[in-house]
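Engineer: One structure, pasted below without further comment.
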Amino acid sequence: MIVLSQEQQDVVDAAISPLCVIACAGSGKTTTAVRRLIKVREALNTSRGRVALLSYSNVAVDTFRDNYDELMQPLGLSRCRSLVEIDTLDAFFSRNLLAPHGHRVMKSKRAAFLLHGGEGYLAGQTCGYGKDTRPITKAKVRYRNGKAEFYRSENGNNFDLPPATVGAIEKLGRSGGYTHDLGRYWCHRLLVEYPELLRAFARRYPQIIIDEAQDIGSAHQMVLDLLIAAGSVVSLIGDPDQSIYAFADADGQYLRDYASRSGVATLAITQNRRSIPKIVNAASKLAGRSDAAIRSPLKDTHGVFLTSYKKGEEQKLIDAFKLEVASEELAPENSAVLTRARELADTLGGKKEALGQGLTQRLAHASLLRDRDHDYEGAFREVVAVFSSLIEDGPDDLVTQLTAPSRQSVSLDLKRQLWSFTRNPDDGLPSATLPGSSEWHPKMFARVKEALKEIAQRDKLNSTSNLGNRLAKTKLTAEPLLPKADLAKDTSSELEIRVDTVHKAKGESLDAVLYWQVGLPTVP
């Protein structure tokens, strides 16, 4: 049984007024947040108002749900469950605002749906200056002085988009489609332009608890401030020093400022249960904090170390880290090499970018996802995106219909067909072990053509007439899609270490971490 510290208990037992909880890494935020959720719901007593516990990752949400159900099981799983919602912020607002009401502000004749980037009708919808344009789905939104600004991100740099971008976004909105970023924009506009909906939403959700609140970006800030003004009580739990800067335009400042608002009670959780004193002390010095470690090291060799490497010797450093993990008898499955950038993580992990161009490249990527990464869901999404682009008269939300389990598919047979195409290298998507231009491409092309013919006969969905151009072998080589080094690797005898981003690993308890910094070291 988990015993709460006094600091954690103070958070759980606090009055159901707005809270700002600054909780250090490894302090048991998950345990505290779930118990706070139960306490708030009980305090509302007979009220039909719902309590929402929101976070920024699906992993955190799954953990919250499991912990909540475990704590509620002795009392009956159904007790108050219908009056509690646990989800990510984007999913929460999409499900409760955009899905049922988004069409009103988007001026769409259909329910709003999330875009996946492979929809055929998106071709030609761009944003930018002159000839320097990008797909409209690359547009991001941030708010400055209460006004929306649009920009795009490339290679860690942000580039402003022209004011005319709003027209392109509204055109996209009329189709009902939105991206995660644009969904936040439409959500804010919806609440501003329909104040009666804002009031109703605040009554339905009188209490909202947000975990990892340091990652609240400017768009979510605007939405939350509207809800607060309309009567929702919002409590934030997080740590500004754990903010993943530039994630959703967040820098941790909203959490810092929230503590100084009138009527907001501020509490702190300063005991780190996860890390040993050497790690906590090093992090505290870098961040200017005074957190306390309550866990003892198992060995004197455990702690924080700094090393350097020369360009071109990245693999040597990773191999040395693997040997250190093995010599210290740490669990490799609970160890990781972490970076900030997804591109760097893929490079260090040896993930080769798929060859080819356009839709051919996406199918090559699907082959790699399936055969190299064993990611069948990711491969299926790529296959769906490609077929949706090749089908000319399908519904605009075909990708969503085929990939969202909660939606009624336009054709269950079509969904099954594409899933079978994804899984089966003999009759569907060819194996990534085949030479790209000479074997993989001819088989892929013939099988896609046959699949489209079957779709046209069964579902009356016609395909593009220029299939040869859309699935050309441009930039494919005679080499197999899967590098020979990967084919020759004996994974049974080699110690495997996960290579991932800091964002993906947030909240995990890891035995060993090699944090990869390019250039001078900074605070992770």
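Engineer: Taking the Cβ-Cβ separation of D300 and A320 as r and a Förster radius of 22 Å, what is the calculated FRET efficiency to the nearest 0.05?
Structural biologist: Values: r = 20 Å, r/R0 = 0.89.
Between D300 and A320 the formula returns 0.65.
Engineer: How large is ³J(HN,Hα) for each residue in region 361-371, as worked out from phi by the Karplus curve 6.51 cos²θ - 1.76 cosθ + 1.60 (θ = phi - 60°), to whole Hz, x for Gly and Pro?
Structural biologist: For region 361-371, the Karplus curve yields 5, 5, 6, 5, 5, 4, 4, 5, 4, 6, 8 Hz.
Engineer: For the pairs K109/K138; K316/K443; K449/K475, flag any whose C-alpha to C-alpha distance is greater than 28 Å.
Structural biologist: From the list (K109/K138; K316/K443; K449/K475), the Cα-Cα distance tops 28 Å for K316/K443.
Engineer: While we're here: Quick one: which residues, 5 or more positions from I86 or on another chain, have an amide H under 5 Å from its amide H? H modelled 1.01 Å from N in the peptide plane, none for Pro or chain starts.
Structural biologist: L53
Engineer: I've got another one for you. Taking the Cα centre of each part, how many Å lie between region 287-319 and region 377-454?
Structural biologist: 44
Engineer: With charges only on Cβ, +1 for K and R and -1 for D and E, what is the dipole size of the chain about its Cα centre, in debye, rounded to 20?
Structural biologist: 1500
Engineer: Can you tell me how much longer the chain between K504 and H180 gets when fully stretched, taken as 0.36 nm per residue apart minus their C-alpha distance, in nm with one decimal?
Structural biologist: On the way: separation 324, 0.36 × 324 = 116.64 nm, distance 1.75 nm.
Taking 0.36 nm per residue and subtracting the Cα distance, the gain is 114.9 nm.
Engineer: What residues qualify as long-range amide H neighbours of V337, i.e. H under 5 Å apart, gap of 5 or more or another chain, H built at 1.01 Å from N?
Structural biologist: Under 5 Å from the amide H of V337 lie the amide H atoms of R498, V499, D500, L514, each far enough along the sequence or on another chain.
Engineer: Another question, then. Ordered by residue, what ³J(HN,Hα) values in Hz, to whole numbers, does region 220-225 give under the Karplus form 6.51 cos²θ - 1.76 cosθ + 1.60, where θ = phi - 60° and Gly and Pro are x?
Structural biologist: 5, 4, 4, 5, 5, 5
Engineer: Also, quick follow-up: Given H placed 1.01 Å from N in the peptide plane, which residues other than close sequence neighbours of R273 have an amide H under 5 Å from its amide H?
Structural biologist: So R273 has HN proximity to S27, G28.
Engineer: Also, I was wondering about something else. Consider all pairwise Cα distances in region 93-188 and report the whole-number % of them above 21 Å.
Structural biologist: Here the tail beyond 21 Å accounts for 30 percent of pairs.
Engineer: So, R0 is 45 Å and r is the distance between the beta-carbons of A446 and N158; what FRET efficiency does that work out to, to 0.05? Intermediate results must be reported in sequence, preceding the final value.
Structural biologist: Working: r = 43 Å, r/R0 = 0.96.
Working from the Cβ atoms, E equals 0.55.
Engineer: How much of the DSSP bridge set in the chain is antiparallel, in percent, rounded to the nearest 5?
Structural biologist: Values: 15 of 48 bridges.
About 30 percent, rounded to the nearest 5.
Engineer: Wrap a convex hull around the Cα atoms of region 362-478, take a quarter of its surface area, and give that in square nanometres. Please report the intermediate quantities before stating the final value.
Structural biologist: Details: hull surface 27.2 nm².
For region 362-478, the mean projected area of the Cα convex hull comes to 6.8 nm².
Engineer: Related question: Exposure proxy check: K299, K311, K473 ranked by fewest other beta carbons within 10 Å?
Structural biologist: K311, K299, K473
Engineer: Apply 1/(1 + (r/R0)^6) to the Cβ-Cβ distance of N466 and E496, taking R0 = 45 Å, and write down the FRET efficiency to the nearest 0.05.
Structural biologist: Efficiency for this residue pair is about 0.55.
Engineer: Using +1 at the C-beta of Lys and Arg and -1 at the C-beta of Asp and Glu, which of S260, L71, V105 has the Cα lying farthest in the positive direction of the dipole of the chain?
Structural biologist: Checked the options; the winner is V105.
Engineer: Also, quick follow-up: What order do you get for R498, R381 when you list them from fewest to most C-beta neighbours inside 10 Å?
Structural biologist: Least crowded to most crowded, the residues run R498, R381.
Engineer: How large is ³J(HN,Hα) for each residue in region 319-326, as worked out from phi by the Karplus curve 6.51 cos²θ - 1.76 cosθ + 1.60 (θ = phi - 60°), to whole Hz, x for Gly and Pro?
Structural biologist: 5, 5, 5, 4, 5, 5, 4, 5
Engineer: Here is a follow-up. Between R144 and K285, what is 0.36 nm times their sequence separation minus the Cα-Cα distance? Round to one decimal in nm.
Structural biologist: On the way: separation 141, 0.36 × 141 = 50.76 nm, distance 3.25 nm.
Length gained between R144 and K285: 47.5 nm.
Engineer: Mark the label point 7 Å from the Cα of D69 along Cα→Cβ and return the residues of region 87-102 whose backbone N is within less than 20 Å of it.
Structural biologist: From region 87-102, the list is 87-89, 91-92.
Engineer: With a 10 Å Cβ neighbour count serving as the proxy for reagent exposure, in which order, fewest first, do W440, W186 appear?
Structural biologist: W186, W440
Engineer: Could I ask something else about it? How much of the calculated P(r) for the chain lies past 29 Å, in percent of all Cα pairs? Intermediate values should be presented prior to the final figure.
Structural biologist: Working: 82487 of 137026 pairs.
More than 29 Å apart: 60 percent of the Cα pairs in the chain.
Engineer: Enumerate by residue number the GluC sites (Glu not before Pro) in region 270-365 meeting two conditions: DSSP loop (anything except H, G, I, E, B), and at most 12 other Cβ atoms within 10 Å of the site's Cβ. Walk me through the numbers on the way to the answer.
Structural biologist: Working: sites: E313, E314, E324, E328, E329, E333, E343, E353; in loops: E313, E328, E329, E353.
Of the GluC sites (Glu not before Pro), the ones in loops of region 270-365 whose Cβ has at most 12 other Cβ atoms within 10 Å are E313, E329, E353.
Engineer: Using the Cβ atoms and a cut-off under 10 Å, what net charge is assigned to the surroundings of A230, where Lys and Arg are +1 and Asp and Glu are -1? Walk me through the numbers before you get to the answer.
Structural biologist: Numbers: positive: R199, R203; negative: D225.
Here the charged neighbours net out to +1.
Engineer: Hey, what D do you get for region 204-276 in µm²/s if you plug the Kirkwood alpha-carbon radius into Stokes-Einstein at 37 °C and 0.692 mPa s?
Structural biologist: Working: Rh = 13.1 Å.
Translational diffusion coefficient: 251 µm²/s.
Engineer: DSSP loop (so not H, G, I, E, B), at most 15 other Cβ within 10 Å: list which chymotrypsin sites (Phe, Trp or Tyr not before Pro) in region 14-76 pass both filters.
Structural biologist: none
No lab work stands behind these numbers, since they all come straight from the coordinates. None of the values given here were measured: they were computed from a predicted structure. Here the Cβ is made from the backbone with ideal geometry for all residues, glycine too, and neighbour counts use every protein chain on show.
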